[in-house]
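**Student:** One structure, pasted below without further comment.
The values are calculated or read from the model by the stated rules, or taken from the named source; none is laboratory data. Given the structure is predicted, the values throughout are model-derived calculations rather than measurements. Please note: Cβ atoms are built from the backbone with ideal geometry, for glycine as well, and neighbour counts cover all protein chains shown. Accessible surface areas use protein heavy atoms only, side chains included; no ligands, DNA or RNA. Shrake-Rupley method; radii C 1.70, N 1.55, O 1.52, S 1.80 Å.
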There are 2 protein chains.
Amino acid sequence: MSTLAGTTIDRAQIERLVRQALTGLTNGHGHGAPSGHTPNLVVNISARHCHLTQEDVDILFGKGYQLTELKRLYQSTDFAANETVAVVGPRQRIIPGVRILGPCRKFSQVELSFTDSISLGIDIPVRLSGDIEGTPGCLLIGPKGSLVMPQGVIRAERHVHMGPKDCEYYGVKHLDRMNLRIEGNCPTTLEGLLVRMNPDWKLEVHIDTDEANASDVTHATKVTLVKA
Amino acid sequence: MSTLAGTTIDRAQIERLVRQALTGLTNGHGHGAPSGHTPNLVVNISARHCHLTQEDVDILFGKGYQLTELKRLYQSTDFAANETVAVVGPRQRIIPGVRILGPCRKFSQVELSFTDSISLGIDIPVRLSGDIEGTPGCLLIGPKGSLVMPQGVIRAERHVHMGPKDCEYYGVKHLDRMNLRIEGNCPTTLEGLLVRMNPDWKLEVHIDTDEANASDVTHATKVTLVKA
């Protein structure tokens, strides 16, 4: 897979959190668009990453440590931190360099692909971010300490962030489902993306690396988002 | 992902070549079926593997070494060998334990997922098995030697093996395209599967681990194969 920035370092999957795959290849199929709003469809690929509580940051990086910003994300409330952790599962394998997303949250959560979870030996469910009750845990290792996270390892459910005008354009509402059709080398329709609406959000599809690699979305010739 | 055999060792992706994911969850949508033939739809997941010439086996395992059979594949002309190699790419990373498929062929070829190829730093094309002209190479390491394979690293194009009665049932012919709809946790339609017909073949879809993990095919509730 070539990269968007055209540099070889961008190929380093585990070193990157979110790669912007597609911007404006299509504006989707509108169901009305009465306001003249033309959405800018962005598909971003979430590589493995984690969210941490400040308490867990204290354990992993030292008491009072503050995450530092590497890069602001497309939804600009969040950032990719310079800091990373290692994730360990029951097969005694390690995935180093798992990017932390800031700012800190009220719960710690690790988001992996199924490829990652099979490698680690953790049987993870598909969950909406934040819905971690009853999910498996893992061992996290930082430069100053390690901890057993009792739960919170999930595969994030494919979803699309939307503002109100985007919802209007596509004829959908919060928690509806949409399909993402990816044309190109490995044509694929990812079905059932969950709509998440918030007045502050920009239109952005989030898929994980398994979904991105299955569909070769970074080389797509056309991407279309439609109501399911 | 749970496993088919229900044992934890089956989760070891790199230790397994082909996991039989689905048998008979559906018999697809026929386009006629005049003969009364009811196909048994099998979807198998091809994990990373390689085919080698005897000459390359000689270099990697010692002069005159003969591959030994671990397990016969569903298309019973081929077998998973006990022997594995390590694959190395330009990022100085290694994937150990890549299964060899026997018997030896007239060309050496390594089949990886995009997840694998990104990790190794090899920019691989999607190709039909055997179509390796102009593809990138890699370094192979065996117990008795190593070699630079000048070309032959590909992502295998998703495809379906069929016998003549299967083609008749689905209303397709050799080199037609089909779609595989996977319903369940991560609903996905993998489009454009290439039909490969041979009188000796059993009906069998081959997808790779990226496609299997994106769609969570091992937990699918229904799988349907239809003409594209």
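**Student:** Quick one: would you say A:Lys202 is away from every other protein chain (no Cβ under 13 Å), at pLDDT 95 or above and in contact with a helix residue (DSSP H, G or I) (Cβ under 7 Å, 6 or more places away or on another chain)? Walk me through it before giving the result.
**Tutor:** On the way: away from every other protein chain (no Cβ under 13 Å): yes; at pLDDT 95 or above: yes; in contact with a helix residue (DSSP H, G or I) (Cβ under 7 Å, 6 or more places away or on another chain): no.
The answer is no for A:Lys202.
**Student:** How do the pairs read when you match residues in the stretch B:119-138 that are touching a residue at least 40 places away in the same chain (Cβ under 8 Å) with residues anywhere that are part of a loop (DSSP other than H, G, I, E, B), using Cβ under 7 Å and keeping only pairs 6 or more apart or on different chains?
**Tutor:** Pairs found: B:Leu128/B:Glu157; B:Cys138/B:Gly89; B:Cys138/B:Ile122.
**Student:** Oh, and also: Name the single residue, out of those in the stretch B:171-202 being within 24 Å of B:Leu73 (Cβ to Cβ) and out of contact with any Lys or Arg (no Cβ under 9 Å at 6 or more places or on another chain), that is most open to solvent (accessible area, probe 1.4 Å).
**Tutor:** Per the stated criteria, the residue is B:Asp200.
**Student:** Here is a further query. How many residues does the stretch A:48-80 contain that are under 21 Å from A:Ser129 (Cβ atoms), in a helix (DSSP H, G or I) and open to solvent by less than 50 Å² (accessible area, probe 1.4 Å)?
**Tutor:** 3
**Student:** Quick one: which residue in B:Val110, B:Val126, B:Val98, B:Val160 is open to solvent by 20 Å² or more (accessible area, probe 1.4 Å), in contact with a Lys or Arg (Cβ under 9 Å, 6 or more places away or on another chain) and under 19 Å from B:Asn44 (Cβ atoms)?
**Tutor:** Numbers: B:Val110 fails: open to solvent by 20 Å² or more (accessible area, probe 1.4 Å); B:Val98 fails: open to solvent by 20 Å² or more (accessible area, probe 1.4 Å); B:Val160 fails: open to solvent by 20 Å² or more (accessible area, probe 1.4 Å).
The match here is B:Val126.
**Student:** Now for a different question. Are any of the residues in the stretch A:178-185 within 8 Å of chain B (Cβ to nearest Cβ) and of a type in the set (D, E, K, R)?
**Tutor:** Looking through the stretch A:178-185, none of the residues is within 8 Å of chain B (Cβ to nearest Cβ) and of a type in the set (D, E, K, R).
**Student:** Now for a separate question. Within the stretch B:87-131, work out how many residues are assigned to a loop (DSSP other than H, G, I, E, B) and within 13 Å of the chain's Cα centre (by Cα).
**Tutor:** Adding up the residues that qualify gives 5.
**Student:** With the structure loaded, tell me whether A:Glu83 is open to solvent by 30 Å² or more (accessible area, probe 1.4 Å), modelled with pLDDT of 95 or more and more than 14 Å from chain B (Cβ to nearest Cβ) or whether it fails that test.
**Tutor:** No: the conditions fail for A:Glu83.
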